[in-house]
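In what follows, a structure is listed as structure tokens, so that the remarks can point back to it.
The values are calculated or read from the model by the stated rules, or taken from the named source; none is laboratory data. Being a predicted model, the structure only gives us computed values, none of them experimental. All Cβ positions, even for glycine, are placed from backbone atoms using ideal geometry, and neighbour counts span all protein chains on display. Only protein heavy atoms, including side chains, enter the accessible area calculation; ligands, DNA and RNA are left aside. Shrake-Rupley method; radii C 1.70, N 1.55, O 1.52, S 1.80 Å.
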Amino acid sequence: MSLILGLVFRITHYKIESGEGTSMKAFAMLGIGKTGWIEKDRPACGPLDAIVRPIVLAPCTSDVHTVWEGAVGDRHNLILGHEGVGEVVEVGDYVKDFKPGDRVILSAITPDWNSLEAQAGFAMHSGGMLAGWKFSNIKDGVFAEFIHVNDADGNLALLPEGIEPEVGAMLSDMVPTGLHGSELAGVQFGDTVCVIGIGPVGLMGVRGAVLRGASHIYAVGTRPNCVAIAKEYGATDIISYKDGPLDKQILDKTKGKGVDRVIIAGGTVDTFAEAIRMLKPGGSIGNINYLGEGDFIKIPRADWGVGMGHKTITGGLMPGGRLRSEKLAALVVAGRIDPAKLITHRFEGFDQLEKALMLMKDKPKDLIKPVVKIT
Ligand code: NAD
Ligand code: ZN
């Protein structure tokens, strides 16, 4: 029996073509505030892993937090990036469902699926809080000629026919995180929802709220193209944080009642105070925003019902995993979500990654999401 298995594994374990050397080019964080091109050894493929070559890559606001705000600490030669679509070039002996040539969605979060945290339902924290976020955090990211994916059967998903690779790249992080905002907030049929921050993540939060049955959706943002897409995705009202405190504006619009749910996809530690104030008793807040500054989140005592208002706050990292990626990709195929609208800037060529990331850092007004076509 073991002989037969051994034979099967040997047949299914494909190797990257040799003869191209063992090093690869990559775009990395060199230290806080510093990026650059580096040469690194190609990653080795373990028995459960896959090696993937990129087809389309996308920089993320999180990469900006990593490099310029030291979000994951000072790092040297850490390859950046966690969003993209690629082609499998090698799989480990125990990988059953993927093979070289498959076009796959890379997930920003790649948990260890046999961990206790995964068994508890929180795979994104496998190995410790936030430790399911491995790319450009615990290990090298995807801005490389060769990308290592742990637990390939659990973490890769085939890119369905009919989804362009650049749209598939939105399924790495923007779609799953935005939709997770609506899950964390617990949006239910007929709920009124406020989405604070309508960058690409918040825009997907708007769409998530629509899919979960929200009635009124108040989207907080100012940039014209974000506002336009928020409306296309289903926002019913637009609010500008430049027009005064958000809670006052929401309370005005809802005749003092407030909203059932708040999705936070932008702002600071202070945003929670506004969110609590605009929330009805029994309401809930789903935060997906990264909080880079401040030691404490502020919860106003009286508006929190002096501790008895049944106002819930949950913050979460996006769940990863193949099942999730496949389900979200199915939503795109079915036309229920259209992440193509998020892509505002397109680059071609691996060496354009740097430009795309700098654009993400500088955030010109018309930018929502840049993508880089590699092959
Ligand atoms: P973004 O910067 O493009 O969008 C954030 C938006 O919030 C911007 O449009 C900004 O103008 C707006 N904003 C800022 N301050 C505000 C305020 N006080 N009130 C209302 N709006 C305000 O970022 P993004 O790419 O959409 O990502 C949003 C956040 O999600 C980032 O912090 C990112 O790091 C985080 N993120 C989290 C996860 C996760 O797993 N939870 C995954 C990816 C990204
Ligand atoms: Zn991202």
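The table below gives the values:
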item: GNM flexibility winner over the chain from Ile32, Ile263, Ile196 (Cα, springs under 10 Å); result: Ile32
item: Added length on full extension, which subtracts the Cα-Cα distance from 0.36 nm per residue, Asp366 to Lys96; result: 92.9 nm
item: Within straight-line cross-link reach of Lys96, lysines at Cα separation under 19 Å, skipping those fewer than 8 residues along the same chain; result: Lys15
item: Length released on extending from Glu87 to Leu211, taking residue separation times 0.36 nm less the Cα-Cα span; result: 41.6 nm
item: Difference of contour (0.36 nm per residue) and Cα-Cα distance, Asp41 to Lys242; result: 67.5 nm
item: Relative contact order of the stretch 178-315, pairs being alpha-carbon contacts under 8 Å that are 6 or more residues apart, as %; result: 26 percent
item: Nonlocal amide H pairs with Phe347, under 5 Å, H built at 1.01 Å; result: Val371, Val372, Lys373
item: Accessible area expressed per residue, the chain, with surrounding protein chains retained (probe 1.4 Å, Å²); result: 44 Å²
item: Cross-link table Lys99/Lys361; Lys257/Lys369; Lys99/Lys365; Lys139/Lys363, entries beyond 31 Å C-alpha to C-alpha; result: Lys99/Lys361; Lys257/Lys369; Lys99/Lys365
item: Backbone HN-Hα couplings from phi across the stretch 88-99 [Karplus 6.51/-1.76/1.60, Hz, Gly and Pro as x]; result: 5, 10, 7, 10, x, 4, 9, 7, 9, 10, 10, 8
item: Portion, in percent, of the accessible area of the chain that falls on carbon or sulfur, probe 1.4 Å; result: 55 percent
item: Highest-first arrangement of 232-239, 93-100, 298-305, where packing means the average Cβ count within 10 Å; result: 232-239, 93-100, 298-305
item: Mean separation of Cα contacts under 8 Å (6+ apart) over length of the chain, as relative contact order %; result: 17 percent
item: Long-range amide H partners of Gly70 with built H, under 5 Å; result: Gly33
item: Point-to-point label distance, Ile299-Lys255, nm (Cα→Cβ direction, 7 Å offset); result: 3.1 nm
item: Spacing of the two label points (7 Å from each Cα toward its C-beta) at Asp74 and Asp270, in nm; result: 3.0 nm
item: Cross-link reach list, lysines versus Lys253, counting only Cα pairs under 22 Å and skipping chain neighbours closer than eight places; result: Lys231, Lys242, Lys280, Lys311
item: Counting DSSP beta bridges with both ends in the stretch 31-178, the antiparallel % (nearest 5); result: 95 percent
item: Fraction of antiparallel bridges per DSSP, the chain only, in percent to nearest 5; result: 55 percent
item: Peptides ranked, highest mean first, by Cβ atoms within 10 Å: ranges 338-351, 318-331; result: 318-331, 338-351
item: Three-way shape label, the stretch 178-315, alpha-carbon gyration tensor, a/c 1.5; result: rounded
item: Note, ³J(HN,Hα) from phi for the stretch 353-369, Karplus 6.51, -1.76, 1.60, rounded to Hz, x at Gly and Pro; result: 4, 4, 4, 5, 5, 5, 5, 4, 5, 7, 6, x, 3, 8, 7, 10, 8
item: Per residue, the convex hull volume that the Cα atoms of the chain enclose (Å³); result: 141 Å³
